[in-house]
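The values are calculated or read from the model by the stated rules, or taken from the named source; none is laboratory data. Since the structure is predicted, the reported quantities are computational estimates derived from the model, not experimental observations. FYI the Cβ positions are ideal-geometry reconstructions off the backbone, even for glycines, and counts take in every protein chain you see. Ligands, DNA and RNA are stripped out before the accessible areas are found, and what is left, the full protein with its side chains, is counted by its heavy atoms. Shrake-Rupley method; radii C 1.70, N 1.55, O 1.52, S 1.80 Å.
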Amino acid sequence: QVIKCKAAVLWEANKPFSIEEVEVAPPKAHEVRIKIVATGICRSDDHVVNGSFVMPFPIILGHEAAGIVESVGQGVTSVKPGDKVIPLFVPQCGECTTCLSTKGNLCRKNDIGSAAGLMPDGTSRFTCKGQAIHHFIGTSTFTEYTVVHENAVAKIDSAAPLEKVCLIGCGFSTGYGAAVQTAKVEPGSTCAVFGLGGVGLSVVMGCKAAGASRIIAVDINSNKFAKAKELGATDCVNPKDFQKPIHEVLVEMTGHGVDYSFEVIGRTETMAAALASCQYNYGVSVIVGVPPAAQKITFDPMLLFTGRSWKGSVFGGWKSKDSVPRLVADYMKKKFVLEPLITHTLPFAQINEGFDLLRAGK
């Protein structure tokens, strides 16, 4: 039956979230209804608020979470009520060309590009004040209960602490995977990471785990440097401290540019700078931050002609349904830490304060 619960509804762009009572419909065939226990705040959610990531309104945002299965629709076999799970904003249908390929992970059933804001059958499971509310990239976790397709949920270790492993639903996996999975950083290599939010710090952790000998952390907020060093950065650079462009600074520091660079902000200027800062012939630059809508990059094609590679990485290149349970298992075996990425823990009603902290770089 229908569940009435609290959700943070975003009625329009550039407005605060409104905590409302919503009705959450039961799961249809191949769908799963989840009680959300913990959700993280990600810059991509804020990109929807400010309009740089275009989605239909009204909408329930949130895509980095962990919870417990409340009920399942007909035909669901991979999870059952009571299972601990992580919703997946990159689904894994197992049938499309990408899912069948070993080369990629962005399942064709995703709602990142099309931005329909609906379940795969073209309808919504949320109603508020008699109005249908849109879903966000197949997850919508800023609500006490959500409904996702079975392709978009992974069962995890029943002993996992949900308030920590929720980060494996986006931020940690996205950053760590960009280094170890997309770039395939090698031991002894030199890396530069632009942007030291939760995802950027996870890139730093991935570079360190891969054995990089030098990890240069770049951010205009020097308050982030202590934590970056704690997680493995060897050098920290604030572009505001220099008269010259940051890519020139990095080339001078390394003699020839870095082997791998990562843009973890979502700004076209830093994407171009990250490309220019990597080695002219075999350097690899990875775009990790969600690019702003309706913006284009202009760059000198000679940068690529000489041999550099420019790559994108969604969800760290992980095939979600296969990889998320393994990443949770690795966390439980203490192969990596998540605690340093958690700066604040707030009650759901204070979600707007959480976003204020994000915008303030805290």
Stretch gain in nm, segment D121-D241, where the contour uses 0.36 nm per residue and the Cα spacing is subtracted: 38.0 nm
Relative contact order (%) - the chain, alpha-carbon pairs under 8 angstrom, separation at least six: 17
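At a 1.4 Å probe radius, carbon and sulfur cover how many percent of the accessible area of the range 183-312?
The value for the range 183-312 is 55 percent carbon and sulfur by accessible area.
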Longest to shortest principal axis, alpha-carbon extents of the chain, angstrom: 64, 39, 36
Acute angle (nearest 10 degrees) that the helix 198-209 long axis makes with the longest principal axis of the chain, alpha-carbon atoms: 60
Simple Cβ-charge dipole of the range 183-312, Lys/Arg +1 and Asp/Glu -1, about Cα centre, in debye nearest 20: 260
Selection from M302, L106, L201, by position along the positive dipole direction of the chain (Cβ): L106
Over 32 Å (Cα to Cα) - which of K15/K80; K28/K335; K224/K335; K28/K311; K240/K335; K6/K227 fall in this group: K15/K80; K28/K335; K28/K311; K240/K335; K6/K227
Shape of the range 303-362, Cα gyration tensor, a/c cut at 1.5: oblate
DSSP bridge orientation in the chain - percent antiparallel, rounded to nearest 5: 60
For the range 183-312: relative contact order, % (alpha-carbon pairs under 8 angstrom, 6 or more apart): 22
Difference of contour (0.36 nm per residue) and Cα-Cα distance, T306 to Y282: 7.8 nm
Karplus-derived 3J(HN,Hα), 6.51/-1.76/1.60, for each residue of the range 28-42, Hz, glycine and proline x: 7, 3, 6, 10, 9, 9, 10, 8, 7, 9, 8, 9, x, 9, 10
By average C-beta atoms within 10 angstrom, highest first, the peptides 21-33, 115-127: 21-33, 115-127
Virtual paramagnetic centre 7 Å along Cα→Cβ of A360, amide N under 19 Å, in the range 208-229: 220-227
Distance from the range 264-282 to the range 60-98 (C-alpha centre basis), Å: 35
Nitroxide proxy distance, nm - points 7 Å out along Cα→Cβ at D330 and E12: 4.5
Extension gain (nm, one decimal) between V37 and K227, 0.36 nm per residue minus Cα-Cα: 65.7 nm
Cα centroid separation - the range 131-156 against the range 296-344, whole Å: 22
Cβ charges +1 (Lys, Arg) and -1 (Asp, Glu), total dipole of the range 15-75, debye: 100
Alpha-carbon Rg with Dmax, taken over the range 1-131, Å: 15.4, 45
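Only Lys, Arg, Asp and Glu count, each charged at its Cβ (+1, +1, -1, -1), so figure out the dipole size of the chain about its Cα centre, rounded to 20 debye.
It works out to roughly 480 debye.
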Cα shape, the range 183-312, gyration tensor, a/c 1.5 rule: rounded
